[in-house]
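Participant: This structure is in structure tokens; I'll ask about it shortly.
The values are calculated or read from the model by the stated rules, or taken from the named source; none is laboratory data. Here the structure is a predicted model, which is why all the values come from computation and not from measurement. Reconstructed Cβ throughout: ideal geometry from the backbone, glycine too, with neighbour counts over all protein chains shown.
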Amino acid sequence: MKKIILAGGCFWGVQAYFDLVKGVEKTIVGYIDGSTKEPSYMDVLNGSGHAESVRVEFDEKIIDLKKLLDHFFNIIDPTLINRQGNDLGKSYRTGIYCFNKVDLEFVKSYIDSIRENYHKKIQTETKLAEDFYPAEIYHQNYLDKNPGGYCHINLNKVKNIEE
């Protein structure tokens, strides 16, 4: 099983979207790339610097990293800084955090290959994953438990890539 961490704004919608993607075996929402260890949601809201993110575990026999990135860029605006949808702040930045240098180089190459699709500079961070902290249990699969909850992502977009 391969894994990657994706930050694409509010983690509820990112998780709900990737749970629909064929080949994704497990998702966990959490926090990455901040200044404190084991932050709480309140720490993140109060400026710990972490991004809301989703650890995605996927089966490479079913979906490769390129296709996973196609899905990710289908649901974010990578040209925005510290914002997605109506959510504003550093915790809502976009980022891709890899567990090895080979994947990181692939991600950077992928982004280079799609730059011409955007009129503005791509702002999505690309880094090696260091500290990822799972979010509180009430955030896990939030939109499944709260179907009317806010989501800036159109979950029907998964079909655009799958078909």
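Participant: Taking Val107 as the residue in question, decide whether it is in contact with a Cys (Cβ under 8 Å, 6 or more places away or on another chain) and either more than 25 Å from Asn46 (Cβ to Cβ) or modelled with pLDDT under 95 (or both).
Facilitator: Against the criterion (in contact with a Cys (Cβ under 8 Å, 6 or more places away or on another chain) and either more than 25 Å from Asn46 (Cβ to Cβ) or modelled with pLDDT under 95 (or both)), Val107 qualifies.
Participant: In the range 35-55, is there at least one residue being buried (at least 22 other Cβ atoms within 10 Å of the Cβ), at pLDDT 95 or above, of a type in the set (Asp, Glu) and under 19 Å from Cys98 (Cβ atoms)?
Facilitator: The answer is yes; a qualifying residue exists.
Participant: Can I ask one more? Any idea which residue in the range 78-93 is modelled with the lowest pLDDT, counting only those that are under 19 Å from Ser48 (Cα atoms) and surrounded by 15 or more Cβ atoms within 10 Å (Cβ to Cβ)?
Facilitator: Out of the qualifying residues, it is Asp87.
Participant: So which of Ile137, Ile96, Ile75 ends up being in contact with a Ser or Thr (Cβ under 6 Å, 6 or more places away or on another chain) and either under 21 Å from Tyr17 (Cα atoms) or surrounded by fewer than 18 Cβ atoms within 10 Å (Cβ to Cβ) (or both)?
Facilitator: After ruling out the rest, the residue left standing is Ile96.
Participant: Continuing with this model, one more query. Any residue that is without any contact (Cβ under 8 Å) to a residue 24 or more places away in the chain, out of contact with any Pro (no Cβ under 9 Å at 6 or more places or on another chain) and either buried (at least 18 other Cβ atoms within 10 Å of the Cβ) or not acidic (Asp, Glu) (or both) - is there at least one of those in the range 125-133?
Facilitator: Checked the range 125-133: no residue is without any contact (Cβ under 8 Å) to a residue 24 or more places away in the chain, out of contact with any Pro (no Cβ under 9 Å at 6 or more places or on another chain) and either buried (at least 18 other Cβ atoms within 10 Å of the Cβ) or not acidic (Asp, Glu) (or both).
Participant: When you scan the range 89-126, how many residues do you find that are over 13 Å from Gly34 (Cα atoms), more than 12 Å from the chain's Cα centre (by Cα), not hydroxyl-bearing (Ser, Thr, Tyr) and not in a loop (DSSP other than H, G, I, E, B)?
Facilitator: Adding up the residues that qualify gives 14.
Participant: Hey, any hits in the range 13-36 for a residue that's closer than 17 Å to Phe106 by Cβ and assigned to a strand (DSSP E or B)?
Facilitator: no
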